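Take a look at the structure below.
Every number here is computed from the coordinates shown, using simple stated rules; none is lab data. Please read all numbers here as calculations on a predicted model, not as lab measurements. Methodologically, a virtual Cβ is constructed for each residue, glycine included, from the backbone with ideal geometry; neighbour enumeration extends over all protein chains shown.
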Amino acid sequence: MSPTLTAGQHAWLQAMLKQRQHTLEAQLSSHLHGLSAAERAAEVLAQDGDDAPQRLPERDIAAALTAAEQRELQATGAALQRLTQGAYGLCSDCGTTIPFDRLKVEPSALRCVPCESTHEAARGSRA
Ligand SMILES: [Zn+2]
């Protein structure tokens with residue numbers, strides 16, 4: 001079973017993922033070298049929402065941000081791997097083809113929209 005992406009879409013998504021990977025690697029290395037990221041971290045934590053404490057020491061914010069970037073870098077790397085293995089673009093939960101429109105917005109998406117909603121609800125995160 002292969003995803004119903006055209007060769008052009010496939011190539012475009014691969015380029016997007018590689019670019020994202022480069023950006024994340026650059027961001028990570030700058031954070032790991034101790035640049036203050038408190039302002040951007042506040043945004044990221046606000047988006048994440050879950051159980052982030054109100055006030056974090058700056059070092060912890062940088063660490064949280066770095067962890068978020070590492071997660072995304074990992075997801076991006078996994079998506080690139082799926083691309084080369086031909087498993088890309090299929091929902092990891094139900095196996096349905098993930099629409100190109102969704103992949104365009106989130107190239108590292110693992111699940112189709114319904115499964116992603118279920119997954120997020122199960123994790124207890126609020127929108
Ligand atoms: Zn699904």
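Which of the residues spanning the range 89-127 are of a type in the set (Asp, Glu) and away from the ligand (no atom under 13 Å from the Cβ)? Explain how you work it out, then say what you get.
Going residue by residue through the range 89-127, those that are of a type in the set (Asp, Glu) are 93, 101, 106, 116, 120.
101, 106, listed by residue number.
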> Going through the range 64-96 one residue at a time, which ones are out of contact with any helix residue (DSSP H, G or I) (no Cβ under 9 Å at 6 or more places or on another chain), under 20 Å from residue 4 (Cβ atoms) and surrounded by 15 or more Cβ atoms within 10 Å (Cβ to Cβ)?
Replying inline: 82
> Among all residue pairs at least 6 apart or on different chains, which show Cβ distances below 8 Å where the first residue, located in the range 78-92, is closer than 17 Å to residue 102 by Cα and the second is hydroxyl-bearing (Ser, Thr, Tyr) and surrounded by fewer than 18 Cβ atoms within 10 Å (Cβ to Cβ)?
Replying inline: 89/4; 89/97; 90/96; 90/97; 91/97
